1. Work out the charge dipole of segment 55-423 with +1 on the Cβ of Lys and Arg and -1 on the Cβ of Asp and Glu about the Cα centre, then indicate which of ALA142, LEU229, ILE110 is farthest towards its positive end.
2. May I ask you to give the average projected area over all directions of the convex hull of the Cα atoms of segment 1-159, in nm² rounded to one decimal?
3. Which of the peptides 132-138, 22-28 is most tightly packed, and how do the rest follow, judged by the mean count of other Cβ atoms within 10 Å per residue?
4. Over segment 55-423, consider all pairs of different Cα atoms and compute the Kirkwood hydrodynamic radius from their mean reciprocal separation; express it in Å, one decimal.
5. Can you sort THR106, THR152 by how many other beta carbons sit within 10 Å, fewest first?
6. How big is the charge dipole of segment 55-423 about its Cα centre, in debye rounded to the nearest 20, if each Lys and Arg gets +1 on its Cβ and each Asp and Glu gets -1 on its Cβ?
7. Once the other residues with Cβ under 15 Å from the Cβ of ILE400 are scored (Lys, Arg +1; Asp, Glu -1), what is the net sum?
8. Which whole-Hz couplings ³J(HN,Hα) result when phi for each residue of segment 18-32 is put into the Karplus expression 6.51 cos²θ - 1.76 cosθ + 1.60, θ = phi - 60°, listed in order with x for Gly and Pro?
Amino acid sequence: MYTYNRLFIQLMLGFFALSAGCFIMFAKPYDFFFKQKAVLSDGGEIFEMWRKPEVELYTKVYLFNITNAEEYMSGVDDKIKVQEVGPYVYRESLEHNVTQFNDNGTLSAIPKHPLTWVEELSEGNQENDTLYLPHIALLSIANVVSQKDLFTRFGLNNLISLTNTKPIAKMTAREFMMGYKSELMTLGNTFMPGWIYFDKLGLIDRMYDFDGDFETVFTGADDVRNSGLIDTYRGSTDLPQWEGKHCSNVQYASDGTKFRGGVTKNESILFYRKSLCRAAPLVPIDEGVKSGLKGYKYTFPENMLDNGKYIKENECFCRHGKCLPAGLIDVTDCYYGFPIALSYPHFWKGDEILSSKVEGLSPNPELHETAFWIEPVSGLPLDVSSKFQINMALGDITSIKNAERFANMYLPLLWFDITMNSLPPSMKQRFGLYLNILPLVEQGAMYLLFITGAIFILSTVYVLTFKIMFRKQQNFDQWKENEGIYARCEVPMSDTDVESDNKHSILKNHTEKFKDLGAKFSDRMYDTVGSVKDRVVEELHHVKHVFDRRSSKHTETDLRNDNNQYTAIKQSDSDSDDCKYLEVLDDGSGLVPTKFETERSEKLKELDSNERR
């Protein structure tokens, strides 16, 4: 049986459950938890993962081996023929050497990306593979000096003759990527002091040279979405090699370790690598599941490598006012003054003029398109494949010895794919918990609390409304039944609607009714013994008194009525037919009360007299 205390406790539990559900819905404790996790704080879980990620990141390098070196140099062939060789795979270790945490919500760090050769992933290719490749030092010096005065060009030509340097050199794959020594480069450094400070030249080695670099990175304390994004690079939000904010801005870009979090499906993000020499936008093109986590697929926009031909604001990528063809970006200032330009692999999406002097290129979007899969809530990269090609954009170098055949040429050197195929198992489990399970737990708890609270409250209302009220109705019905024993009758005083000739018959009928009523009262008295008999006697006396009083009043009323008409009397509202039947005829004559007690009533009085004696 429900008690009021139990109902009160149940009601309070219902309100508490609803309040807890509303708290989860509006306060969003998961968001608070995730924010605490995502902020880069000293010793924090996400900070340690950002400082030295556990991911397996690889750099795959594909070299363009020149297959017709002699034929091209002798003039037999009009075009250089190249053959793609690779991959040569290196594991890249992302490291951020944090120097301090700043008061403005940033930290200072020195980026490092050391490479380790991975033979088992190189598909049989070896670092000591011998190839015919462009002599970068000769062609670079030739491109720089070709714009100098005659005396300088004459000196360089003598230097080339002295060292017998050729524009196509036979070297190993490692030498070309990680650096090779050249007498011309050594002499050139003496000839042009301050130009380069290293004694050997390798494209990949230079691409991963972070000496002197430093950055400040947002911790996410002020805005968790910016956690891990670049604030400044080398002390500035802008890269010095570009003019105009559109081209130079590097703030809020990601170095690939962690991207902007809390992004929508239509929101673009920024990606910066030193090898790109710029912050490149990434736009979403698809969505799916990678490493067990929901992600958005991003790639570079259609005209990302445009120099103003299609997008006017991209003119700031034209170096010194000289714009390269569409699909090629001049990054000379990021490669120590070498005439290096970036494109997509095999000049994919580039102007036709780029491959006009080269054979052997086969652009293929399935092989050469960049793709980033990023988890949108945390900004965690799930699958990465960033692909670019390094080329030499050579000008008019016809005045430089041995370099004439390469004048006004866009010469492909290599292309690389920085790739991460999936998260390691430990990160899958950890972020699966944070990003998949915990949000469902929060939602499930919220709905469960709402349902539980509603059940408690509604069940309480049901009990109060239906159970208790039903019990009260039962009590009321019982009381009504008992009250019927004492139901009062409204006694009419007169009835003017009755014909005077019928007065005596009506009175007789009344008398009979009173007798029946007395009998019923007497019957009920015997059922209830004691208390009822006093009430019955009082009722009988009351009826007699009414007849006496109304009889005298009736006489006075007849004297005032000249037409000798009866006055209508309001009928009783009592539900009892016996009470409704009680009427008094008022005809102006003295009405002597009639003795109407039954034999049972006489017995009652006799019993009462005996008790009093």
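Computed from the coordinates by the stated procedures, all read-outs in this text should not be read as laboratory data. Just so it is clear, the model here is predicted, and its values are computed rather than measured. Every residue, glycine among them, receives a Cβ derived from its backbone with ideal geometry; neighbour counts consider all protein chains shown.
1. The Cα lying farthest towards the positive end belongs to ALA142.
2. Numbers: hull surface 92.5 nm².
For segment 1-159, averaging the hull's shadow over all directions gives 23.1 nm².
3. On the way: 132-138: 24.1, 22-28: 13.0.
In decreasing order of mean packing, 132-138, 22-28 become 132-138, 22-28.
4. Numbers: mean 1/r = 0.0464 Å⁻¹.
Value: 21.6 Å, from the Cα pair sum.
5. Values: THR106 23, THR152 15.
By the 10 Å Cβ count, ascending, the order reads THR152, THR106.
6. Numbers: 34 positive and 48 negative charges, 106 e Å.
Value, rounded to 20: 500 debye.
7. Working: positive: LYS148, ARG153, LYS166, LYS401, ARG405; negative: ASP149, ASP396, GLU404.
For residues surrounding ILE400, the net value is +2.
8. Using θ = phi - 60°, the values come out as 5, 5, 5, x, 5, 4, 5, 5, 9, 7, 6, x, 5, 4, 5 Hz.
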